[in-house]
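Worksheet for the structure shown next.
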Amino acid sequence: MMLTLFTMLGSLALLMFGMKSMSEALQKMAGPQLRHALGAMTSNRFTGLLTGSVVTASVQSSTATTVMTVSFVNAGLLTLAQAISVIMGANIGTTFTAWIIALGSSFDISIISYISFFAGIVLIYMKKHRYIGDFLFGLGLLLLGLTTLRLTGQKMDLGHNPAVLSFFNSFGMDSYWTIIVFLFLGGVLTFCVQSSAAVMAITMLLCGSGAMPIYMGIALVLGENIGTTITSNLAALSANTQARRAALAHMFFNMFGVIWILCIFYWFVDAVVWAVDYVGSNLFHQDMAQMAIDKKLTLTLAAFHTGFNVINAGILIWFIPQIEKFVCWIIKPKKIDEEEDFRLHFITAGFMKTPELSVLEAQKEIRSFSERMQRMFGMVQELLNLSSSIKNKEKNTEADFNKLFSRIEKYESISDNMELEIANYLENVSDAHLSDDTKAKIRAMLREVSELESIGDACYNMARTINRKYSTKEDHFIEKQYSHLHQMMGLTDQALTHMNKLLGGRKEAYDVNRTFNIENEINNYRNQLKAQNIIDVNNHEYTYAEGTIYIDLVNECEKLGDYVVNVVEARMGTRQREA
């Protein structure tokens with residue numbers, strides 16, 4: 001008995017691991033094209049529904065698709081409306097697993113699993129196609145798990161086990177209370193094992209053996225639809241507002257479906273049984289009453305699962321704008337000053353995160369980091385302007401100057417924290433099995449965050465230099481110096497703007513020569529100002545000490561420009577140039 005039990009648990013483990021392997025292999029094969037494809041294929045609600053169905057049928061996991069979709073919303077790659085349509089499609093796509101289980105009872109699918117193993121291992125050793133091999137190997141594990149589970153169920157012969165039959169007979173067949181109990185049980189089981197497919201396999205095993213009545217089995221299936229929504233909502237807890245709204249929309253979709261199906265539960269189940277009998281009689285040219293009980297009941301469960309989700313999606317797809325308004329009304333945006341609050345916006349601690357998705361989130365976080373550094377540089381420019389106002393003895397400028405300098409200090413601390421958090425996250429991702437492309441991206445991103453933190457240091461150094469000069473009440477810069485510094489900072493700001501354009505878009509459309517041209521302008525202007533500074537000091541236009549501080553600011557701008565070039569080179573994958 002113990003051997004049979006462990007065989008059943010092992011077959012479920014094979015099933016779940018196979019699904020996980022297929023999902024990760026598909027994302028490695030698709031790589032960055034997956035997110036672009038999702039964006040392009042969700043232009044309207046119907047294509048979004050189809051996309052969600054196809055992706056889920058491919059990865060054999062609605063949870064994986066839903067968590068992926070929530071992550072894309074969190075990263076700003078999908079709108080809330082697009083995500084809702086994809087999630088609706090995911091609920092339809094996940095029913096494909098039930099049909100594999102149902103049809104697998106009609107013929108031996110183990111031969112397909114062995115073929116998948118052989119083809120998969122050959123492709124894995126052919127490094128060029130190893131991700132296809134991983135996918136086929138995962139498919140083989142999934143099919144082998146299903147085959148072993150079915151054979152174990154037949155060996156257990158639960159339909160003739162008095163204890164099992166007594167347990168299910170203790171519940172009233174025509175009681176809605178029984179349906180509610182099994183619906184709740186299905187939700188809890190799905191949440192615990194994190195796989196609706198595994199619970200569906202157990203349900204089909206119990207119904208196919210004749211141990212569990214069809215009504216209870218269908219109630220478990222309904223519970224699976226609720227349980228699978230909990231994972232995406234937990235994954236979205238640490239995400240941004242839009243991602244939490246997408247997860248709530250998923251729960252609303254499934255809860256709405258369960259509520260209306262409960263109102264007509266027995267009529268709907270009877271209609272599905274009749275449809276299976278009618279279609280089966282015409283398709284197989286035999287009386288379905290004579291078909292083996294396990295085949296008939298498993299086909300009924302699969303037909304119910306598909307019919308329920310298709311009808312539910314067919315009803316709610318017309319109300320996506322209203323669903324969007326509803327979840328926006330329920331989940332209000334947080335009222336915090338995100339610019340002043342250190343929080344990673346896109347990197348979250350969600351469940352079932354794959355390396356490809358993690359890299360995507362890190363890229364969005366780096367873009368946010370880069371934009372924050374340009375805002376910090378803008379504050380330095382404003383600090384220089386305020387110092388000019390202090391020179392002219394304008395009112396309240398000293399208080400504004402001190403307040404702005406404190407903000408720059410805070411931004412410097414934020415830049416240090418962001419570098420560490422993103423770098424630690426990428427190091428954790430690098431522990432997983434990665435594609436060569438993903439490994440290269442992680443190396444580049446680690447360099448990017450280091451250079452962005454150096455930009456923050458350069459900004460802070462300039463702010464401290466300006467603050468030191470004016471806190472000691474020394475002589476101020478002359479107008480010519482202010483003019484030259486503004487021009488130098490303007491060039492530096494252009495470099496930052498062009499860098500952010502690259503980090504926020506696709507590198508294929510980026511003109512890298514523009515960055516190098518700006519850097520050359522900065523270098524040439526720096527050399528020109530250094531030469532002019534010596535002449536101005538000799539002409540006694542200002543003191544040598546003032547000229548030193550002035551050139552320190554010029555040099556920091558030039559260093560900042562170098563850091564920008566390093567970020568661009570890292571993102572573009574070009575070789576670092578010699579200084």
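Numbers at a glance
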quantity: Semi-axes of the equivalent ellipsoid for segment 420-561, Cα gyration tensor, largest first, Å; calculated: 38, 18, 11
quantity: Value in Å of the Kirkwood radius, where segment 527-577 supplies the Cα pairs that are averaged; calculated: 12.7
quantity: Long-range amide H partners of residue 211 with built H, under 5 Å; calculated: 159
quantity: Distance violations [Cα-Cα > 25 Å] among 332/507; 20/441; 20/155; calculated: 332/507; 20/155
quantity: Computed over segment 471-571: relative contact order in percent, which uses C-alpha pairs under 8 Å that are six or more apart; calculated: 43
quantity: Global form of segment 482-548, assessed from the alpha-carbon gyration tensor, a/c cut-off 1.5; calculated: prolate
quantity: Calculated from backbone phi, Karplus (6.51, -1.76, 1.60) coupling profile of segment 126-141 in Hz, x at Gly/Pro; calculated: 8, 3, 5, 10, 5, 6, 5, x, 4, 5, 5, 5, x, 4, x, 4
quantity: Modelled FRET efficiency - R0 41 Å, residue 237 with residue 436, Cβ distances, 0.05 increments; calculated: 0.75
quantity: Modelled FRET efficiency - R0 41 Å, residue 534 with residue 409, Cβ distances, 0.05 increments; calculated: 0.80
quantity: Computed label-point distance, nm, for sites residue 325 and residue 267 using a 7 Å Cα→Cβ extension; calculated: 3.0
quantity: Inter-site label distance for residue 193 and residue 552 at 7 Å from Cα along Cβ, in nm; calculated: 6.7
quantity: Overall Cα dimensions of segment 176-221, principal axis frame, Å, largest first; calculated: 25, 24, 11
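Where a number appears in this text, it was derived from the coordinates with a stated rule and is not lab data. All values reported here derive from a predicted model rather than from experimental measurement. In this analysis, Cβ positions are derived from the backbone assuming ideal geometry, glycine residues included, and neighbour counts consider all displayed protein chains.
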